[in-house]
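Following: one structure in structure tokens, then a few remarks.
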């Protein structure tokens, strides 16, 4: 019998044939959703759908400013807005 937390029907199950010829049940971890942009909610590029264990190992976000937080379009608009506000102050 598996652990009580793994008996939930929301867990994915897969039958695997062992080298001895038996069929055993493997319980598969669910994958988390991809990170989203903080402004527009669009999925961020460069992040695959991974399980919680793979997430803990760490995913390297893009190295640009706000990489892993804003999508490239929102970053471009924000930089334009910042430059235009600085140019208007002079």
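The values are calculated or read from the model by the stated rules, or taken from the named source; none is laboratory data. Keep in mind that this is a model prediction, so the values were computed, not measured. Using ideal geometry, Cβ is built from the backbone for each residue, glycine included, and neighbour counts are taken over all protein chains shown.
A few remarks follow.
- Cβ separations smaller than 9 Å between residues 6+ apart or across chains give the following pairs from the stretch 20-48 residues that are on the phi > 0 side of the Ramachandran plot and without any contact (Cβ under 8 Å) to a residue 24 or more places away in the chain to residues that are in a loop (DSSP other than H, G, I, E, B) and surrounded by fewer than 10 Cβ atoms within 10 Å (Cβ to Cβ): 46/60.
- There is at least one residue in the stretch 42-64 that is at pLDDT 90 or above and surrounded by 10 or more Cβ atoms within 10 Å (Cβ to Cβ).
- Test: residue in the stretch 70-78 that is surrounded by 10 or more Cβ atoms within 10 Å (Cβ to Cβ) and in a loop (DSSP other than H, G, I, E, B): yes
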